[in-house]
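K.L.:
Structure incoming, see below.
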Amino acid sequence: MIKADKEDFIMQKERSDELLNQGAKAYQSGTPEGFRTAVQFYRESASLGNGQAMTNLGYCYTYGRGVTKNPVEGFRYFVQAAKLGNPEAIMKVADAYQRGQFVKKDEIRAFQFYRKLFQHLQETGELLDYPEVCLRLGRCYLEGKGTEADPRQARRFLVLAVHGYSLHEDQYFYYPKQRRQAEELLRQCQ
């Protein structure tokens, strides 16, 4: 019985990943029809428990891609995906607490989300794939948001952010701008 459950789980995971990939391919068309098709695939994948599909639905609802724009519904998907440990979704939820968007502003809780995500990414070896979390922690320490101001700690995280953005800036059009922002904050730590 346990072996059958494990096999079912593996098949469900493979199916959800397949649907996620089909959705991503449709989304990349950049057309309204492609966005609508992507949403269908993401919904089916999310119904199988795929956290990345839930995150992608969060973006679709937030920006109105393939669905009527509904940031509240988008946030709901981010929360679901965050509960499953999706790094992008955790960051979106933390950002919401930082800004007081969709939830009561709580800089301490935002900081805790960022720290927990940082530790998880460090443990899994994915930290440099998410320089955004280092930038956010650096800003929290520099400005005393959710924690005591600590320029030394801010510097530590901002150096990691600059490094992470530099490694991947050819992959994401906004990374050079984010790297420059981290460098400017780093100068403030001097």
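K.L.:
Pick out, from the stretch 22-139, the helices (runs of 4 or more DSSP H) lying fully within it that include 1 or more residues that are modelled with pLDDT of 95 or more, β-branched (Val, Ile, Thr) and closer than 30 Å to residue 187 by Cβ.
P.N.:
87-99, 107-124
K.L.:
On the phi < 0 side of the Ramachandran plot and surrounded by 18 or more Cβ atoms within 10 Å (Cβ to Cβ): does that describe residue 178?
P.N.:
Answer is yes for this residue.
K.L.:
Also, quick follow-up: Check the stretch 2-11 and report whether any residue there is surrounded by 12 or more Cβ atoms within 10 Å (Cβ to Cβ) and out of contact with any Gly (no Cβ under 8 Å at 6 or more places or on another chain).
P.N.:
Checked against the condition, which is being surrounded by 12 or more Cβ atoms within 10 Å (Cβ to Cβ) and out of contact with any Gly (no Cβ under 8 Å at 6 or more places or on another chain), the stretch 2-11 yields no hits at all.
K.L.:
So how many residues does the stretch 141-181 have that are touching a Lys or Arg at 6+ places or on another chain (Cβ under 9 Å) and hydrophobic (A, V, I, L, M, F, W, C)?
P.N.:
Summing the residues that are touching a Lys or Arg at 6+ places or on another chain (Cβ under 9 Å) and hydrophobic (A, V, I, L, M, F, W, C) in the stretch 141-181 gives 6.
K.L.:
Looking at the stretch 116-175 only, could you name the residues that are closer than 13 Å to residue 87 by Cα and surrounded by 16 or more Cβ atoms within 10 Å (Cβ to Cβ)?
P.N.:
Answer for the stretch 116-175, where residues must be closer than 13 Å to residue 87 by Cα and surrounded by 16 or more Cβ atoms within 10 Å (Cβ to Cβ): 117, 118, 120, 121, 127, 128, 130, 131, 132, 133, 134.
K.L.:
If you don't mind, another one. Could you give me the residue pairs with C-beta distances under 8 Å whose first residue belongs to the stretch 150-166 and is closer than 12 Å to residue 130 by Cα, whose second residue is assigned to a helix (DSSP H, G or I) and of a type in the set (Lys, Arg) wherever it lies, and which are 6+ apart or on separate chains?
P.N.:
Taking only residues 6 or more apart or on different chains, the pairs are 161/179; 162/179; 165/179; 166/179.
The values are calculated or read from the model by the stated rules, or taken from the named source; none is laboratory data. For clarity, every value in this text was computed on a predicted model and none was experimentally measured. Ideal geometry is used to build each Cβ from the backbone, glycine not excepted, and the neighbour counts take in all protein chains shown.
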